[in-house]
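The block underneath contains the structure these notes are about, expressed in structure tokens.
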Amino acid sequence: MTQRKKDKNGVFKTYPHVDGERVSRDLAFDYPDQFFWIYNYSIKRDGKWKTQSKSVPRKKLWSVRSAIAEGKPVSYVLDLIRS
């Protein structure tokens with residue numbers, strides 16, 4: 001995920017900042033520093049499913065990806081992100 005913000009001069013900039021040209025999203029896992037990482041999950045509240053998101057620090061990206069690939073529960077992945 002990237003984020004566009006308007007600076008004080010009204011010019012839109014994309015974050016995180018990348019020197020040179022940003023790679024395409026299909027190469028994102030090869031260049032994790034060029035993107036923000038979000039873990040999306042659903043929880044049931046009051047009988048309805050709600051989607052929530054948690055930012056994943058880059059230093060924990062590979063651990064989180066591994067936990068998801070291993071089929072670990074959402075609670076495990078969230079604990080991993082928070083630790």
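Computed values, structure above
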read-out	value
Residue in the stretch 25-34 that is aromatic (Phe, Trp, Tyr) and either out of contact with any helix residue (DSSP H, G or I) (no Cβ under 8 Å at 6 or more places or on another chain) or modelled with pLDDT under 95 (or both) present	yes
Flag for ARG4 being at pLDDT below 95 and assigned to a loop (DSSP other than H, G, I, E, B)	no
Filter result (within 26 Å of ASP30 (Cα to Cα) and in a strand (DSSP E or B)) within the stretch 41-83	TYR41, GLN52, SER53, LYS54, SER55, VAL56
Hits in the stretch 10-51 - residues which are polar (S, T, N, Q) and either farther than 25 Å from LEU78 by Cβ or in contact (Cβ under 8 Å) with a residue 40 or more places away in the chain (or both)	THR14, SER24
Selection from the stretch 22-44 of residues that are farther than 16 Å from ALA67 by Cβ and of a type in the set (Phe, Trp, Tyr)	TYR31, PHE35, PHE36
Of residues in the stretch 30-80 being aliphatic (A, V, I, L, M) and more than 30 Å from GLY20 (Cα to Cα), the one surrounded by the fewest Cβ atoms within 10 Å (Cβ to Cβ)	ALA69
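The values are calculated or read from the model by the stated rules, or taken from the named source; none is laboratory data. No experiment lies behind these values; they were computed from the predicted model shown. We place every Cβ from the backbone using ideal geometry, glycine too, and count neighbours over all the protein chains shown.
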